[in-house]
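These notes are about the structure you will find just below.
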Amino acid sequence: MPPITQQLLRSRIGKVCVAITGSTPAEMLEKAAVAVKENPFIEFRLDYLEKPLLALPKIKHFFAENTAATGIATCRRAANGGKFTGSVAAEIEILSKAAATGFHLIDVELESAETLKKSGIQKLRDTGIAIIISHHDFNATKDLDGIYNRITPFQPDFIKIVPTARHLTDNVTLMRFIERMEDHSKIVGICMGDAGIISRVLGLRAGSAFTFAAATAGEETGPGQIAARTLIETYRIDQVDAATKVYGVAGNPIRSSLSPVMMNTAFRRETVNAVYLALQTSKVSDLIKLVHEIPIQGLSVTMPLKQDIMAHLEKTDPLSAKIGACNTVLRAQDGNLYGFNTDVAGIIGPLEKRMSLRGAKALVLGAGGAGRAAVFGLRDKGADVFILNRTPETAHKLARQSGSKSIKKEALAKTSFDVIINSTPVGMAGQKHNQILEAKDLNTRLVFDLVYNPLETPLIRLARQQNIPIITGIEMFVQQGARQFEIWTGKPAPEEEMLRVCIHALRQAAEAAAQEQQEATPVKPPAKTTAKTPAKPAEKKAAAKPKKKSA
């Protein structure tokens with residue numbers, strides 16, 4: 001590509017490219033028309049179409065009407081993670097014709113380029129279109145230099161390397177690779193997978209030319225891909241710079257966590273130059289290494305790491321030491337990590353608004369990090385606490401440590417409580433667990449479920465059916481998050497705004513789930529009517545008798 005043309009292309013390219021999918025040209029163009037209003041840099045995934053060539057005239061008309069749009073044509077073969085089942089020759093024919101359709105760039109997989117040799121790539125380049133040569137590894141992050149060395153002989157305009165993050169630190173490996181490249185402005189680097197979100201948000205800061213996003217949630221073209229609006233509005237990717245402080249929520253699972261939307265909203269509201277990421281891992285060693293490498297300034301710690309993190313902290317507050325679990329980490333100026341527990345405030349605060357805890361009889365379900373916070377917090381306020389846990393030995397141990405009692409499931413129906421608190425993940429969105437309690441077990445004045453997603457958990461629904469007052473997990477979630485924000489920033493937390501965005505997100509998720517369930521439910525065809533033969537006298541008599549209504 002002539003230098004002036006390349007400079008012009010770079011001036012048109014945005015930081016976020018929105019991937020457009022669709023099973024028909026009409027569907028694809030409809031989505032593109034919506035996406036281009038907010039983001040003019042788009043990728044047409046032609047491999048999603050049954051006959052991609054037939055769509056090109058319509059796409060040409062789209063570009064003629066949307067002159068500000070910059071488009072990438074991609075027709076990824078199934079062998080390389082795409083949906084196109086044709087040959088390499090058929091793929092290249094589609095991409096060659098896309099060059100005359102108004103596209104500015106084409107994406108050619110490295111495997112296809114190697115089949116073509118340099119002469120084939122030159123024929124594509126002669127059309128005047130810019131070329132991206134990409135490589136996707138759906139299994140791991142390895143040999144990035146080797147992949148780079150395979151791509152460079154083709155002299156593409158952009159080199160796209162997309163491995164899969166199996167560990168959080170795989171993101172660091174990719175970003176360090178981008179940073180040490182001489183001309184990293186040519187490189188697009190992204191880690192796929194749930195653990196790869198770090199590279200999707202911080203990759204631009206490391207020097208990646210741009211990143212990719214889904215048009216909307218549910219239309220992801222790669223594992224771990226984020227919706228464009230979330231990337232821009234929640235993570236404020238266009239504002240992330242060298243001075244941006246990085247925070248995150250660490251644990252597993254956290255795919256449904258509302259912490260990123262809540263904390264990033266708080267940062268934006270209070271004009272804090274910071275970004276908050278979801279860090280999915282079950283290994284505390286992986287997390288600690290990431291904290292020092294990025295570096296990460298503060299963590300919200302959730303299951304299953306609340307107890308494991310304690311050994312890696314320089315010091316903790318007395319509450320965390322007493323409970324033996326920490327949900328908040330601050331990286332101080334000396335580089336050391338300090339632990340706090342805001343779960344207790346998040347649990348005790350909502351309860352004390354509704355009842356006196358001194359002498360109250362409480363049942364806590366679970367003995368993990370949140371369960372320990374509930375038990376010690378309640379005991380500190382003078383409550384009489386009973387613990388029910390899947391593993392009885394763990395319940396016995398916590399009971400001894402806190403001066404509480406353990407209880408068997410069979411005894412619940414005969415025992416009454418002032419409050420029942422669920423600190424287990426049972427009922428959490430995306431988790432499949434059998435319910436712990438039945439209706440006969442809810443002999444209580446109040447039910448408090450620490451699970452906040454969904455807004456109405458099975459336990460909350462069961463309590464409402466019996467007209468038992470409830471506290472939803474969102475109240476505790478916002479309370480503990482607000483305290484974390486204050487520990488990290490020294491500023492008062494915008495609690496009302498944090499609560500508002502969380503409830504809005506949960507309602508949206510509930511509506512989407514209901515819509516999905518409705519669409520998945522097959523519509524029964526109308527029953528066929530057959531001509532009735534005249535009934536015999538005995539049959540008429542039987543038919544005249546009224547039938548009993550079914551229960």
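Quick note: the coordinates plus some simple rules give every number you see, no bench work behind them. This is a predicted model, so every value here is computed, not measured. Counting neighbours? That spans all protein chains shown, and the Cβs are built from the backbone with ideal geometry, glycine included.
Take the residue pairs 353/397; 322/491; 408/440 and return only those whose Cα atoms are more than 24 Å apart.
Violating the 24 Å Cα-Cα cut-off are 353/397; 322/491.
With unit charges on the beta carbon (Lys/Arg positive, Asp/Glu negative), name the residue among 122, 404, 212 whose Cα is farthest towards the positive pole of the charge dipole of the chain.
Positive-end residue among those listed: 404.
Multiplying the sequence separation of residue 465 and residue 78 by 0.36 nm and subtracting their Cα-Cα distance, what value in nm do you get? Before the final figure, lay out the partial values.
On the way: separation 387, 0.36 × 387 = 139.32 nm, distance 4.98 nm.
Result: 134.3 nm gained on full extension.
Roughly how many whole Å is it from the C-alpha centroid of region 1-66 to that of region 430-452?
Result: 49 Å between the Cα centres.
May I ask for the angle, rounded to the nearest 10°, between helix 343-352 and the longest principal axis of the chain, with both axes built from Cα atoms and the value confined to 0 to 90°?
50 degrees
Using only Cα atoms, find the angle between the long axis of helix 110-125 and the longest principal axis of the chain, and express it within 0 to 90 degrees, rounded to the nearest 10.
Approximately 40 degrees, to the nearest ten.
At 222 nm, what helix-only mean residue ellipticity would the chain give, in deg cm²/dmol to the nearest 500, using -39500 (n - 2.57) for each DSSP H run of four or more?
-12000 deg cm²/dmol
Given 20 °C and 1.002 mPa s, compute D for region 243-282 with the Stokes-Einstein relation, Rh being the Kirkwood radius over Cα pairs; round to the nearest whole µm²/s.
The diffusion coefficient I find is 206 µm²/s.
Could you list the residues of region 51-88 with an amide nitrogen less than 16 Å from a label point located 7 Å from the Cα of residue 139 in the Cα-to-C-beta direction?
Once the point is set 7 Å along Cα→Cβ of residue 139, 79-81 turn out to lie under 16 Å by backbone N, inside region 51-88.
Any idea what diffusion coefficient region 151-270 gets from Stokes-Einstein, in µm²/s, Kirkwood Rh on alpha carbon pairs, 25 °C, 0.890 mPa s?
After rounding, the answer is 163 µm²/s.
For region 130-140, what does the Karplus curve 6.51 cos²θ - 1.76 cosθ + 1.60, with θ = phi - 60°, yield as ³J(HN,Hα) per residue in whole Hz, taken in order and with x for Gly and Pro?
Rounded to whole hertz, the list is 7, 10, 9, 10, 10, 9, 10, 10, 8, 10, 7.
Apply 1/(1 + (r/R0)^6) to the Cβ-Cβ distance of residue 521 and residue 85, taking R0 = 35 Å, and write down the FRET efficiency to the nearest 0.05. It would help to have the intermediate numbers written out before the result.
On the way: r = 31 Å, r/R0 = 0.88.
Once rounded, the FRET efficiency stands at 0.70.
Please report, in whole Å, how far the alpha carbons of region 349-484 spread along each principal axis, starting with the longest.
Computed over region 349-484, the largest-to-smallest principal extents equal 35, 33, 26 Å.
Can you give the alpha-carbon Rg of region 468-523 over 2.2 N^0.38 Å, where N counts its residues?
Values: Rg = 16.2 Å, N = 56, 2.2 N^0.38 = 10.2 Å.
Cα-based Rg divided by the globular estimate yields 1.60.
Let me know the volume per residue of the alpha-carbon convex hull for the chain, in Å³.
211 Å³
For residue 180, project a label point 7 Å along Cα to C-beta. Then give me every residue of region 130-153 with its amide nitrogen under 13 Å of that point.
Label zone hits: 143-146.
Angle, helix 259-269 long axis vs. longest principal axis of the chain, Cα atoms, 0 to 90°, nearest 10?
Roughly 80 degrees between the two axes.
Whole-Hz Karplus ³J(HN,Hα) for region 230-246, in order, using 6.51 cos²θ - 1.76 cosθ + 1.60 and θ = phi - 60°, x for Gly and Pro?
5, 4, 8, 8, 7, 8, 6, 4, 6, 10, 6, 9, 4, 8, 5, 7, 10
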